[in-house]
Amino acid sequence: MGNPMADAFGDEDAGAPIAPMLLHDAAHVWHPYTQHLNAPLPVPIVRAEGSWLYDLHGKPLLDAISSWWVTTHGHCRPEIVEAISEQARQLDQVIFAGFTHEPAAALAAELVSRLPRGLTRVFYSDDGSTAVEVAIKLSLQSFANRGTPRRLVAALENAYHGDTFGAMAAGARGVFTHMYEPLLFDVARLPDPSQGDTLAALDALIDARGAELAAVIVEPLLLGAGGMHVWDEDVLRGIRARTQAAGVHLIADEVLTGFGRTGPLFACDRADVRPDLLCMSKGLTGGVLPLGATAATEDIFDAFRSEDRRKTFFHGHSYTANPIACAAALASLQLFDEDSDDDRVRLEVAQATQLATLRGVRGVKAVRQIGTVGAVELDATPGYLSDIGRELAAYALQEGVLIRPLGNVAYCLPPYCTTDDEIASVYDVIHRFLDGARADALTSGGPIDD
């Protein structure tokens with residue numbers, strides 16, 4: 001009798017020994033966003049290059065989602081790998097309270113030179129969620145430090161800002177947060193700009209509670225995990241105008257949209273908007289190492305300058321500004337040159353061309369795009385737990401393409417080195433799935449991810 005685990009990983013000899021990686025994983029690892037009772041076995045990846053991942057047997061898998069939206073220039077880009085190696089030989093880690101180092105200082109200066117004008121200070125953290133936590137805390141404490149406390153935060157419907165408690169509070173209530181709802185602080189909720197009148201709601205909120213409102217946090221122009229909802233630049237400009245007039249901070253969560261995803265380096269640049277706080281992670285290091293950063297205005301920084309030590313920003317992480325991660329980020333930023341600009345323009349065109357082939361196709365409710373990101377809303381049960389998403393993911397995996405739909409919303413968010421032919425292959429999988437391969441996949445009993 002064959003070995004079920006070997007069968008699941010496509011081993012040519014189902015009786016062959018199982019790699020220790022898989023045995024250890026099955027016995028000890030707890031994966032994110034995974035229902036371990038019925039989830040398929042994880043795919044063992046051993047190397048990556050460009051837009052491709054390779055499993056234990058050398059099978060290639062096209063990474064159409066940039067491995068959770070992080071990989072910008074491509075996997076294992078030599079310039080970033082070399083920067084990491086060189087830095088690791090010189091300085092691996094040092095406490096960042098009371099100390100500094102060249103990679104962190106140089107990265108902060110480089111970021112400020114590229115960020116929307118007015119953002120002059122950079123606070124480092126670990127990831128997107130912590131970058132958001134920092135932004136919210138900076139906003140709230142800056143008001144308190146000045147003796148004018150404000151404790152209300154406003155956020156958009158369908159928003160996602162991370163999985164730590166402050167980030168969850170700012171995010172939409174739903175399947176990700178319902179277990180913790182009693183512990184989350186209240187947030188004033190504004191309509192999703194793609195679905196309702198956000199500006200009218202913000203006007204009403206400022207009229208009623210403006211003296212309490214510290215900040216409005218948004219994912220500029222693209223609500224990611226909420227369903228890849230694209231929204232209008234005029235609305236973002238309107239939010240900025242209203243918050244500025246009311247003395248309210250605008251927090252731009254650019255964890256997803258930063259570093260070229262929407263076209264320019266930051267989504268705020270598309271609307272010529274200058275926020276008070278801007279959150280970064282994911283593509284900050286090119287997707288190679290974890291690093292978060294929150295950029296702030298000098299005005300917010302000044303609210304913490306005081307002879308009163310209680311007005312210090314008491315926040316930090318053990319690996320704040322890790323030198324190796326900062327070196328990777330510096331190397332990644334240097335790759336945003338004219339060639340990178342050309343690649344992103346080419347990707348925009350390729351995405352638009354492929355999305356056009358799905359308009360009006362049976363089973364497709366809508367298509368949308370911003371910059372290098374393309375999304376296909378399938379005509380099926382809506383929501384993150386929609387079965388069609390895991391069915392499409394399973395079928396695509398069999399066909400050598402990694403996509404991970406957000407319920408009934410499939411999307412293509414590839415590394416910038418992805419070729420036009422590779423983009424076409426992603427959409428070809430979606431076409432074939434809609435043409436009937438879905439039924440074939442279900443009949444064959446293939447693995448379905450959660």
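A few remarks follow.
- Relative contact order of segment 183-289: 23 percent, from C-alpha pairs under 8 Å at least 6 residues apart in sequence.
- Rh by Kirkwood over Cα pairs, then Stokes-Einstein D for segment 19-175 at 1.306 mPa s and 10 °C, µm²/s: 79
- Most fluctuating residue given options E212, E307, E338, as computed from a GNM of the chain linking Cα atoms under 10 Å: E307
- Derived scalar couplings ³J(HN,Hα) [segment 76-81; Karplus, 6.51 cos²θ - 1.76 cosθ + 1.60; whole Hz; x for Gly, Pro]: 6, 4, x, 5, 6, 4
- Length-normalised contact order for segment 236-350 - Cα pairs under 8 Å, 6+ apart - percent: 21
- K365/A424 FRET efficiency (R0 22 Å; Cβ-Cβ; nearest 0.05): 0.50
- Other-chain or far-sequence residues with amide H under 5 Å of G50's (modelled H): H75
- Only protein atoms count toward the accessible area here, which uses a 1.4 Å probe; on segment 29-139, the carbon and sulfur part of that area reaches 59 percent.
- Straight-line reach from K365: taking Cα to Cα under 18 Å and skipping same-chain neighbours fewer than 8 places apart, the aspartates and glutamates in range are E377, D379, D387, E391, D428, D435.
- Distance between segment 173-221 and segment 21-55 - C-alpha centres, whole angstrom: 36
- In degrees, nearest ten, helix 198-209 long axis to first principal axis of the chain (Cα): 40
- Two-decimal Rg to Rh for segment 205-328 - Kirkwood Rh, Cα set: 1.00
- 222 nm mean residue ellipticity, helices alone, for the chain (DSSP H n ≥ 4; -39,500 (n - 2.57); rounded to 500): -11000 deg cm²/dmol
- Probing with 1.4 Å while keeping every protein chain in the model, the per residue accessible area of the chain equals 45 Å².
- The chymotrypsin sites (Phe, Trp or Tyr not before Pro) of segment 71-150 that DSSP puts in a loop, and whose beta carbon has at most 15 other beta carbons within 10 Å, are F99.
- Peptides 368-374, 55-61 ordered by packing proxy, namely the average of other Cβ atoms within 10 Å per residue, highest first: 368-374, 55-61.
- Where trypsin sites (Lys or Arg not before Pro) fall in DSSP loop in segment 260-358, at most 14 other Cβ within 10 Å: R305
- In order along segment 119-133, phi translates into HN-Hα couplings of 8, 10, 10, 10, 10, 8, 9, 9, 6, x, 4, 5, 4, 5, 4 Hz, rounded to whole numbers, per the Karplus curve 6.51 cos²θ - 1.76 cosθ + 1.60 with θ = phi - 60° and x for Gly and Pro.
- Secondary structure note: in the chain, about 65% of the DSSP beta bridges are antiparallel.
- Relative contact order of the chain, pairs being alpha-carbon contacts under 8 Å that are 6 or more residues apart, as %: 21
- The H on the amide N of L56, modeled in the peptide plane, is under 5 Å from the matching H of V46, each at least 5 residues off or on a different chain.
- Among the listed values [x] 18.2; [y] 22.7; [z] 25.0, the one matching mean projected area of the Cα convex hull in nm² as calculated from this structure is [y].
The values are calculated or read from the model by the stated rules, or taken from the named source; none is laboratory data. Keep in mind it's a predicted model, so treat the numbers as computed, not measured. Counting neighbours? That spans all protein chains shown, and the Cβs are built from the backbone with ideal geometry, glycine included. Quick note on the areas: whole protein, heavy atoms, side chains included, nothing else; ligands and nucleic acids left out. Shrake-Rupley method; radii C 1.70, N 1.55, O 1.52, S 1.80 Å.
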